[in-house]
Amino acid sequence: EYVDTGLAPLTAYGYRVLAFDAAGNQSAPSSAATVVTGGIVPPEQVAATGGIERITVTWQASAAVDLLGYNIYRSSRSDVWDTSAGSHLSGADGTPFTTGQTTFVDSGLAGGTTWYYRVSAVTESGESAASAYVGAAAQPDIRAPGMASFLEGEAVVGEPGHIRLTWKPPVTDLDGSELTGLDRYMVYRADGPAGPFEFIGSTPEPAYLDTALEARTTYYYQVAAVDPAGNVGPRTPAVAATSGGVDMPRNVRLAASTPSDLSLPPEVTIRWDRAAGAVVRYEVQRTTVPYSTDDADYTEVLPHTVNTVRTDTEVSRGVTYYYRVRTLDVQGRLSAWTPVQGVEVKF
């Protein structure tokens, strides 16, 4: 009996035996016996197909009864393989082998690069030798994503100058083929349905919050999807959305009156167009600081009423005054202040 070790798996070896006596005499050799070593059959019919920034590797299922899965080895050169280290592709969910399927998609590859693959079968008793290599080239992504859909906009409760936009992501590329990925969305806004539309921001999610808008004002929006390669899809049709809040007074006019009789006080008359909605009163404020944005600089011009004209008699000759007006509605909500306007009270 003799045990031969260190042999290649799944390989045929031939053996003959000779007998020797104590004097060293040698017999004729026995007839030959051929034995095939055991082992695990490597996967067969391995193929690689290039796609956009990906390569798909397929193979025939192993017939091993104790099969666990398959290991995939990748190399940038067909003549360089290190199946024990860096070329091994990690498995999903922490498995010690690459995959349990007979298809593996190697994604996230640079377009135009060529990769080579070998596949082995992993069983409870060990791992097979690696298959013969196959290669394919990943294609560059030059296809734009399709159009987003169901773009909608609505006012944000309690935030007069905000509009929230939502939409559905595209499900295919523009030509109807498989979507190669989405990186972000570009959002555009205009004051009218015909534009011009200006880029206002981007977002990785199918939602966007537009802020610092005028209250109770209609805006128009478009959205375009962008893939990881930078290809920009078509914009959606324009969709209108109206911000919430309290309508701001419009068309504010100032007029200063300076009587020729110096004993009579000057006055400034502030007029504006009525705001829409259930108005409780209009508030008017005055400052001598040119176009100030600091609330501390302003003084109330009383009384606050629902009338759209207010006379300010607390002014002096030779001084320029600046005014702003806002609305209070029946729900206790305040509009934004109107743009500050100035008027000179002459001597």
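Within the range 119-138, restricting attention to residues that are at pLDDT 90 or above and open to solvent by 60 Å² or more (accessible area, probe 1.4 Å), the residue that is nearest to V232 (Cα to Cα) is Y133.
Against the condition on the phi > 0 side of the Ramachandran plot, open to solvent by less than 70 Å² (accessible area, probe 1.4 Å) and assigned to a loop (DSSP other than H, G, I, E, B), how does G6 come out, does it pass?
In short, no.
In summary, V35 fulfils each of the numbered conditions (1) open to solvent by 60 Å² or more (accessible area, probe 1.4 Å); (2) farther than 30 Å from A136 by Cβ; (3) out of contact with any Phe, Trp or Tyr (no Cβ under 9 Å at 6 or more places or on another chain) with the single exception of condition (3). Against the numbered list (1) without any contact (Cβ under 8 Å) to a residue 60 or more places away in the chain; (2) surrounded by 15 or more Cβ atoms within 10 Å (Cβ to Cβ), V252 comes up short only at (1). Considering (1) within 13 Å of P43 (Cβ to Cβ); (2) modelled with pLDDT of 95 or more, the lone condition that W115 does not fulfil carries the number (1).
Counting residues in the range 139-153 that are among the small types (G, A, S), assigned to a loop (DSSP other than H, G, I, E, B) and open to solvent by 60 Å² or more (accessible area, probe 1.4 Å) gives zero. Annotation: of all residues in the range 52-88 being aliphatic (A, V, I, L, M) and surrounded by 20 or more Cβ atoms within 10 Å (Cβ to Cβ), the one that is modelled with the lowest pLDDT is I52.
Taking R235 as the residue in question, decide whether it is among the charged types (D, E, K, R), out of contact with any His (no Cβ under 8 Å at 6 or more places or on another chain), over 30 Å from W337 (Cβ atoms) and surrounded by 15 or more Cβ atoms within 10 Å (Cβ to Cβ). In short, yes.
Per-residue answers, yes or no, for (1) in a strand (DSSP E or B); (2) over 53 Å from the mean Cα position of the chain (by Cα):
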{"position": "V252", "(1), (2)": "yes, no"}
{"position": "A256", "(1), (2)": "yes, yes"}
{"position": "L262", "(1), (2)": "no, yes"}
{"position": "P265", "(1), (2)": "no, yes"}
{"position": "G277", "(1), (2)": "no, no"}
{"position": "Y282", "(1), (2)": "yes, no"}
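In summary, D93 fulfils each of the numbered conditions (1) open to solvent by 70 Å² or more (accessible area, probe 1.4 Å); (2) in a loop (DSSP other than H, G, I, E, B); (3) free of Cβ contacts under 8 Å to residues at least 40 places away in the same chain with the single exception of condition (2).
The residues of the range 329-341 that are open to solvent by 40 Å² or more (accessible area, probe 1.4 Å) and not in a loop (DSSP other than H, G, I, E, B), listed by number, are L334, Q341.
The values are calculated or read from the model by the stated rules, or taken from the named source; none is laboratory data. This is a predicted model, so every value here is computed, not measured. Positions of Cβ are generated from backbone atoms using ideal geometry, with glycine treated the same way; all protein chains shown enter the neighbour counts. Each accessible area value is taken on the protein alone, full model and side chains, heavy atoms only, with ligands, DNA and RNA left out. Shrake-Rupley method; radii C 1.70, N 1.55, O 1.52, S 1.80 Å.
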